Amino acid sequence: MGNTVMLRALVLALAVASTAAAAAGKRRTYIVHMAKSAMPAGYADHGEWYGASLRSVSAANKMLYAYDTVLHGFSARLTPAEAAGLARVEGVLAVNPEARYELHTTRTPEFLGIAGAGAGDLLPQSGTAADVVVGVLDTGVWPESRSYDDAGLGEVPAFWKGQCAAGPGFNASACNRKLVGARFFNRGYEAAMGPMDTDRESRSPRDDDGHGTHTSSTAAGAAVPDASLFGFAAGTARGMAPRARVAVYKVCWLGGCFSSDILAGMDAAVADGCGVLSLSLGGGAADYSRDSVAIGAFAAMEQNVLVSCSAGNAGPGSSTLSNVAPWITTVGAGTLDRDFPAYVALGNGKKYTGVSLYSGKPLPSTPLPIIYAANASNSTAGDLCMPGTLTPEKVAGKIVVCDRGVSARVQKGFVVRDAGGAGMVLSNTAANGQELVADAHLLPAAGVGEREGIAIKSYVASDPNPTATIVVAGTQVGVHPSPVVAAFSSRGPNMVTPEILKPDIIAPGVNILAAWTGKAGPTGLAADTRRVGFNIISGTSMSCPHVSGLAALLRSAHPEWSPAAVRSALMTTAYATYSGGSPLLDAATGGTATPFDYGAGHVDPARAADPGLVYDLGARDYVDFLCALKYSPSMIAAVARSRDFACAENRTYSVGGLNYPSFSVPFSTASGDDGGESSAAATVTHTRTLTSVGGAGTYRVSTSVSGAAQGVAVAVEPAELAFAAAGERKSYTVRFTSRSQPSGTAGFGRLVWSDGKHSVASPIAFTWT
């Protein structure tokens with residue numbers, strides 16, 4: 001008996017050891033950061049040194065990529081043991097596991113006030129030294145789209161070093177004077193996921209998805225008359241910077257966007273000569289020294305390239321942001337003043353307004369029976385109209401009410417249609433509130449807000465023979481109030497660095513018309529065989545390229561401005577109130593939005609071209625910020641690509657010293673304190689420096705606070721700044737003093753410098769934790 005127990009124990013031990021060995025031997029992709037200056041003598045170049053370093057721990061291994069612009073180092077498939085061994089090799093700064101990122105997925109120029117002749121005032125004629133190339137890292141491009149017509153553009157700028165990479169279904173001749181570059185990066189994707197299915201996606205810059213074509217044409221697409229989606233949003237579609245050039249870097253595939261490929265794309269884009277990089281993707285918030293996009297963006301910033309990223313679509317929950325590094329411009333989403341109304345008329349005579357882009361055969365004029373999906377399914381989640389959950393005999397010939405959530409909105413319509421349903425009402429839940437996102441449904445359908453959905457479901461439940469019909473009404477403009485913060489737009493506070501307010505800004509991101517791929521239908525679902533030249537979709541993926549294009553306009557108008565100066569101009573001229581003075585609203589709640597939702601506010605490009613003053617920043621300033629965060633030398637080296645940046649031992653660093661165009665002020669709640677008058681006051685100090693870009697002028701400061709912040713004292717010194725000429729810099733200090741408040745309390749304010757012509761505004765967010 002004893003021998004049997006021992007044998008079983010031995011077998012169990014061997015099994016555990018075998019499992020551990022298998023885990024230790026499982027390879028994954030790692031990003032290896034090298035100190036370029038540490039290369040030993042005897043190597044012909046850095047690539048040779050990188051290869052030797054890799055072979056020192058993995059003899060037969062090969063690099064996926066060698067990086068030389070936004071990162072010094074390489075990526076390779078390693079076991080955890082090999083990665084640990086490589087981290088100890090001389091000259092290696094950091095070895096980080098690869099991360100997988102996801103995509104964050106017409107009327108806009110008029111809404112932003114840059115359509116028509118006035119737009120030319122922002123962007124000089126192409127063919128001058130002011131030419132700007134917008135690099136878009138996404139799913140590729142559909143070069144046949146009219147949005148890439150190069151009519152009227154001068155020769156490709158002499159500084160441009162990019163290329164048009166040929167591949168299956170994509171010729172090098174597809175590029176022109178508008179689409180000046182197209183490349184693809186798939187080694188990380190295929191290393192992680194296996195060989196791609198070339199029947200489903202193209203191993204070339206060709207866009208099989210549509211997302212990349214939509215974002216790049218939004219940023220800098222040419223003007224295309226008579227553009228629409230099935231007649232919806234008809235008019236001239238144009239990018240934000242229609243005379244800027246576009247270069248696409250395909251880094252996103254069916255299986256996602258892998259950081260080794262993203263870094264390779266950023267590496268190429270900066271080396272090629274892009275002045276703006278646009279990334280409508282994200283992977284959640286991470287420490288900057290482990291965030292590949294943040295690391296690549298730091299190097300891009302050092303080389304005078306502005307990086308614009310989407311904030312994410314994880315709203316309306318708090319602290320859901322992606323891409324929060326302070327050297328990245330982080331963009332949330334708002335609505336336009338355009339809508340696509342559809343009406344749900346019930347048998348009791350009541351009519352509710354929703355939205356739809358359905359363009360097929362309408363429902364009969366005679367009302368049809370209507371049923372709630374939860375009552376036509378045996379599934380516990382039947383209300384969501386998931387595949388296979390509806391009972392055909394219960395929905396045949398009826399309009400089905402489906403709740404929004406979990407599965408794609410348009411997919412629910414497929415489920416209803418496949419089960420024999422005649423139409424669909426898609427009802428928002430509390431997660432989406434009153435936000436309405438239009439879809440190109442394949443059956444008569446309308447999306448309605450939460451309140452309308454509750455009313456419709458109540459009628460269906462109470463009437464013994466409920467009936468309804470759906471009428472799609474086309475395009476409506478002049479919708480008010482607008483903009484409204486999109487419910488899906490990710491929100492602050494910033495969980496990585498609470499002292500930095502994010503997002504920075506919002507821009508149009510709901511129901512945006514732009515170019516589309518010829519490979520996929522407007523819903524993006526395999527069963528959708530329709531093909532369109534333009535599509536209407538929503539997401540911070542759509543708002544990000546708006547800001548990228550506007551940044552290109554400003555960079556061309558002001559080539560001497562740094563990336564931080566461009567962002568400052570966009571932020572300090574943004575608006576946080578409607579024309580009548582009431583605050584911007586939040587689609588999720590119907591109530592007032594806050595700087596945690598919109599940052600500095602909604603972009604106002606006409607004002608951004610002449611901001612008066614800017615808050616400027618450079619690489620050293622950001623390193624000082626990392627010093628204030630108590631980053632170790634190796635962590636700073638991983639971000640800044642060098643050991644040359646160091647924190648001075650005899651200097652005190654403060655996050656409040658970063659010259660950011662907004663203020664985030666965390667206070668600590670006193671232990672056991674209820675926030676009453678007896679609690680001791682605490683003071684947080686921030687310093688800022690303003691640079692004149694508008695010539696001589698005297699600016700005076702004003703501050704305001706609201707809500708829970710009304711007890712905060714804001715003291716600015718000096719209260720007046722006199723500038724004698726453009727380029728002059730003046731500094732000021734702000735002291736925020738407050739008694740303790742209960743943990744979780746938040747309040748807001750605004751600080752504005754004005755000379756009577758310019759208003760240089762900064763949002764303030766206060767939190768107590």
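The values are calculated or read from the model by the stated rules, or taken from the named source; none is laboratory data. What you are looking at is a predicted structure, and each value in this text was computed from that prediction instead of being measured. Here the Cβ is made from the backbone with ideal geometry for all residues, glycine too, and neighbour counts use every protein chain on show. Keep in mind that these areas ignore ligands, DNA and RNA; they rest on the heavy atoms of the full protein, side chains included. Shrake-Rupley method; radii C 1.70, N 1.55, O 1.52, S 1.80 Å.
The convex hull drawn around the Cα atoms of the stretch 684-769, when projected onto a plane and averaged over every direction, covers 5.5 nm².
Heavy-atom accessible surface of residue 454, to the nearest 10 Å², is about 100 Å², with a 1.4 Å probe and all protein chains retained.
Counting only protein heavy atoms and a 1.4 Å probe, the chain has 37 square angstrom of accessible area per residue. Could you calculate the FRET efficiency of residue 378 with residue 531 from 1/(1 + (r/R0)^6), where r is the beta carbon distance between them and R0 is 56 Å, rounded to 0.05? It comes out at approximately 0.90. In plain terms, the chain from residue 254 to residue 158 could stretch by 31.0 nm, reckoned as 0.36 nm per residue minus the Cα-Cα distance. In this structure residue 187 has an accessible area near 130 Å², from a 1.4 Å probe over the protein heavy atoms. Taking only protein heavy atoms and a 1.4 Å probe, the accessible area of the chain is 53% carbon and sulfur. Label separation (residue 752 vs residue 200): 5.3 nm, computed from points 7 Å beyond Cα along the C-beta direction. Using a simple spin-label model with pseudo-atoms 7 Å out from Cα toward Cβ, residue 577 and residue 348 lie 4.1 nm apart.
Under 5 Å between amide hydrogens, built in the peptide plane, is the criterion, and for residue 494 it picks out 502 among residues at least 5 positions away or on other chains.
Per 0.36 nm of contour for each residue apart, how much would the distance between residue 477 and residue 462 grow if the chain were fully extended, relative to their Cα-Cα spacing?
Working it through step by step, the gained length comes to 1.8 nm.
Just to verify a number: FRET efficiency for residue 396 and residue 84, C-beta to C-beta distance, R0 = 60 Å, to 0.05?
0.50
For residue 585, the residues whose amide H sits under 5 Å from its own are 485, 593, ignoring neighbours fewer than 5 places away on the same chain, with H placed 1.01 Å from N. Take the Cα of residue 495, step 7 Å toward its Cβ, do the same at residue 319, and the gap between the two points is 0.6 nm.
Residues of the stretch 32-53 with amide nitrogen under 17 Å from the 7 Å Cα-to-Cβ point of residue 644? Taking a point 7 Å out along Cα→Cβ of residue 644, the residues of the stretch 32-53 whose backbone N falls under 17 Å are 34-40, 46. Sort out for me the Cα centre separation of the stretch 292-315 from the stretch 626-640, rounded to whole Å. What the calculation gives is 17 Å, centre to centre. Placing 102, 155, 435 in order of accessible area, with the largest value first and a 1.4 Å probe, yields 155, 102, 435. Using alpha carbons only, how many angstrom separate the centre of the stretch 318-350 from the centre of the stretch 571-614? Value for the Cα centre distance between the two parts: 15 Å.
With R₀ set to 45 Å, the beta-carbon distance separating residue 271 from residue 731 gives a calculated FRET efficiency near 0.80. Looking at the chain alone, DSSP beta bridges between its own residues are antiparallel in about 65 percent of cases.
Cys residues of the chain that find no other Cys beta carbon under 4.7 Å: 274, 309, 544.
Does the stretch 341-474 come out rounded, prolate or oblate by the C-alpha gyration tensor, with a ≥ b ≥ c the root eigenvalues, rounded set by a/c under 1.5 and, if not, prolate when a/b is larger than b/c and oblate if not? Mind showing how you got there, number by number?
Details: a/c = 1.17, a/b = 1.08, b/c = 1.08.
Taking the square roots of the gyration eigenvalues as a ≥ b ≥ c, the stretch 341-474 is rounded.
Residue 173 sits with roughly 100 Å² accessible to a 1.4 Å probe, with DNA, RNA and ligands left out of the calculation. Over the chain, the Kirkwood radius and the radius of gyration, each from Cα atoms, give a ratio Rg/Rh of 0.99.
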